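Down below is the structure, laid out as structure tokens.
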Amino acid sequence: MFWPPLVACWAMAINSRAEVVPGLLQTGAYAETLFRAGMRHPEDEEIEKLVNVRLERQSLLTRPRAPHLSVVLNEAVIRRPTGGPAVIVEQLQHLLDMMQRTSVSVRIVPFDVGTHAGAASGPFSILNFPIDHRTQKPIEPRTAYVETLIGSLFFNDPDEVQSYQNIREGLEACALDQKASATLITEEIERHSRE
């Protein structure tokens, strides 16, 4: 998967994923599991390279003046035992650890909300870029980023981006707050640990 080259300068990414933890919050073992599941004949060397690139990108979230990452996940993401109990427990603990950072927000859309705004949209990210102080305009236009099976799509037409923003607002309206999300993730760590 390709991540936008301008990610180094974005101010905020709003990520809504239906099925998996976003790459910027994945552990190595979780990422490896996903890469192996998505490749027909995975070679260890290729998998290792992909995982390393994914983990290197994560340094964006730990540097000084880190960009803000706000994520809304479907409850299925934390319940599915991706990679087995040890891998998912490590991944969920990593989510909790990252949620301690002021620059990272993770919220869960619980099953009991039923069908919601993001159910038909698939995973997407909204990238908001910092303001250029000389022009008082963003250095790049707000962009919706959509990963597909065969590549990535970028939308920066204001009406197209607004369509994704509307879905995002609907997801935020039905998602648990960060504290309740952390509680649900902790409960899932305990459940997966018993398996």
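Results, tabulated for the structure shown:
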quantity	calculated
From V104, V146, V161, residue being surrounded by fewer than 18 Cβ atoms within 10 Å (Cβ to Cβ) and within 20 Å of H68 (Cα to Cα)	V146
Options S121, S152: the member that is assigned to a loop (DSSP other than H, G, I, E, B) and open to solvent by 20 Å² or more (accessible area, probe 1.4 Å)	S121
Matching residues, the range 60-72, being open to solvent by less than 10 Å² (accessible area, probe 1.4 Å) and either in contact with a Gly (Cβ under 6 Å, 6 or more places away or on another chain) or farther than 13 Å from M99 by Cα (or both)	P67
Residues satisfying the stated conditions in the range 81-101, i.e. more than 28 Å from A66 (Cβ to Cβ) and out of contact with any Asp or Glu (no Cβ under 6 Å at 6 or more places or on another chain)	P81, G84, A86
Pair list, Cβ under 7 Å, 6 or more apart: the range 18-44 residue within 17 Å of E56 (Cα to Cα), other residue open to solvent by 50 Å² or more (accessible area, probe 1.4 Å) and not acidic (D, E)	G23/M1; G23/R57; L24/R57; G28/L55; F35/L50
Residue list for the range 67-96, filter: over 16 Å from the mean Cα position of the chain (by Cα) and of a type in the set (D, E)	E90
Scope the range 144-157; condition touching a helix residue (DSSP H, G or I) at 6+ places or on another chain (Cβ under 7 Å) and of a type outside the set (G, A, S); matching residues	F155
Selected residue (criterion: modelled with the highest pLDDT) from residues of the range 53-87 that are more than 18 Å from R168 (Cα to Cα) and in contact with a strand residue (DSSP E or B) (Cβ under 8 Å, 6 or more places away or on another chain)	I78
Count of the range 19-54 residues which are under 26 Å from F111 (Cα atoms), part of a helix (DSSP H, G or I) and either open to solvent by less than 20 Å² (accessible area, probe 1.4 Å) or not aliphatic (A, V, I, L, M) (or both)	7
Checklist (1) closer than 22 Å to H116 by Cβ; (2) surrounded by 13 or more Cβ atoms within 10 Å (Cβ to Cβ); (3) hydrophobic (A, V, I, L, M, F, W, C) applied to I139, failing item	(1)
Flag if V21 is at pLDDT 90 or above, touching a strand residue (DSSP E or B) at 6+ places or on another chain (Cβ under 8 Å) and β-branched (V, I, T)	yes
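The values are calculated or read from the model by the stated rules, or taken from the named source; none is laboratory data. No experiment lies behind these values; they were computed from the predicted model shown. Counting neighbours? That spans all protein chains shown, and the Cβs are built from the backbone with ideal geometry, glycine included. Ligands, DNA and RNA are stripped out before the accessible areas are found, and what is left, the full protein with its side chains, is counted by its heavy atoms. Shrake-Rupley method; radii C 1.70, N 1.55, O 1.52, S 1.80 Å.
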